[in-house]
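Below is one structure, written out as structure tokens, with a few remarks after it.
The values are calculated or read from the model by the stated rules, or taken from the named source; none is laboratory data. The model shown is predicted, which means the values in this text are computed figures rather than measured ones. No Cβ is skipped: glycine too gets one built from the backbone with ideal geometry, and neighbour counts run over all protein chains shown.
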Amino acid sequence: MNLRSPTTIKEVHKLTGKIASLSRFISRSADRSLPFFKVFRKSKNFAWIEECEKALQELKEYLTKPHLLANPKEEETLLLYFGISENAVSSVLVREEAGNQNLIYYVSKMLQGVESKYSEIEKLALALVVTARKLRPYFQSHKVVVLINHPLKHVMSRLEASGRLIKWVVELGQYDVDYQPRTAQKAQVLADFVTELSSDLKSPLAAEEQGSKWMLHVDGSSMPTMEERVPRTENDKADALSKFGAAMDGIRDRRITALVRERSALASRMEVQVVSEAESWKDEIIKYLENNILPTDPVAAKRVKFRATRFTMLSGQLYKRTLDGPLLKCLDEERALYVMREIHEESCGNHSGARSLAQKIIRQVYFLPTLVKDSNDLVKKCESYQKYASLIHQPAISMEPIKIACPFDQWGIDIVGPFPPAQAQKKFIIVAVEYFSKWVEAEAVAKISEREVINFIWKNIICRFGKPRILISDNRTQFQGRKITE
């Protein structure tokens, strides 16, 4: 390539712009461009150092042998690799066909500010979020499998995860993303991309630790000895005796006689009580979060994966995540009915309405998808609520239409506004509707006064349709003035 070395800051800007436009085709473009960005920090004293020249030559050599990118097929599963460094995070999206992996897109981002202080797991999560934002059409139309040897999925679903990670989890919940351990790369073109996520072995401290020797000092007791292992089934008596001795460790002043029977009193008969639990809306989500089990139906499986991002498991219980922070314990139908009855009609209940009942249950950190509907059904069946609820004072009579004798005999008039000022500062509208034919007369005015209303009635009603017998208004001062009533 005939690209010459920059001699000014402006030429460096042009160079980084060209690299940005070709970033899709360049593996880890942010890491390759790092020496150029360092030049910007000394914009007053421009210096094209040897490191920059070396990076430029390596980039030119890389571009002389570009990789061929492929197009994914419809509903094809895509693979995603990550590579992180001290200053940037990168990723590559590939497709697999006939045992070979073909490149689709390179994504790279320079770490800025506090991002450079993220832990390795947070950098991996950031790389996934940046890739999802950059390649949104690919993530929406394909299933993406993240190949990684770090417990990224486990860390992002933990209860004690930071607010930043929880925000990213919610953002990624709309996509079909799966996590699998990374195996050996099947394509030689990925060798320059996938990097080890361990400590940088090029640092002097790491090199010293790698090359140093460890010395172990032992005494004579470390001589080889023979060890005999006793099966657990043959060690019951010794185990029971040790537990019994530990239980009596604090008893010193009393004499206790221990009687040991050869056969347990419960060995003669055994009763097993089986408790069958009804199916609940939580079952599918719990199976997916604990054992990664999904329904066989692809549509139902996608729906479960989308919903599961809003939940988490803690001590065997399912909890609903919230934006405010506290977790809501998920209830099944039977348990939810018990909680609603306790809050609504027990010692602390006040037989409140459905909306108030639902809000009280949420404040007690409980969650049910049909909470509002179930609260409404419970309130309708509560006799005390129906008996002492607020009365409706409106008389229970049917509405009667207004009887109109002839056209243009009865009008309704009102003022609408204010609106944004128009021409001549007009921001109000006087509207009149004829009750028989529904004819509408309207006029924009700058101010609402009795004089404006009189002019409107005279010009738009009386002069065109005659004097009305009845004029209905909302009794505003503009309609109740002395001149109008006369």
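Residue selection: residue 15 fails the criterion of being within 20 Å of residue 130 (Cβ to Cβ) and either of a type in the set (A, V, I, L, M) or not in a helix (DSSP H, G or I) (or both). Examine the range 54-68 for a residue that is free of Cβ contacts under 8 Å to residues at least 40 places away in the same chain and either in contact with a helix residue (DSSP H, G or I) (Cβ under 6 Å, 6 or more places away or on another chain) or closer than 17 Å to residue 110 by Cα (or both), and state whether such a residue exists. Checked the range 54-68: at least one residue is free of Cβ contacts under 8 Å to residues at least 40 places away in the same chain and either in contact with a helix residue (DSSP H, G or I) (Cβ under 6 Å, 6 or more places away or on another chain) or closer than 17 Å to residue 110 by Cα (or both). The set of residues in the range 78-110 that are under 19 Å from residue 165 (Cβ atoms) and in contact with a strand residue (DSSP E or B) (Cβ under 6 Å, 6 or more places away or on another chain) comprises 80, 82, 89, 91, 109. Applying the condition of being surrounded by 13 or more Cβ atoms within 10 Å (Cβ to Cβ) and in a loop (DSSP other than H, G, I, E, B) to the range 18-55 and asking which residue is modelled with the lowest pLDDT yields 46. From the list 437, 375, the one residue that fits, being over 30 Å from residue 312 (Cα atoms) and among the hydroxyl-bearing types (Ser, Thr, Tyr), is 437. Looking across the range 78-106, the residues that are touching a residue at least 40 places away in the same chain (Cβ under 8 Å) and of a type in the set (A, V, I, L, M) come down to 78, 79, 80, 84, 88, 89, 92, 93, 94, 103.
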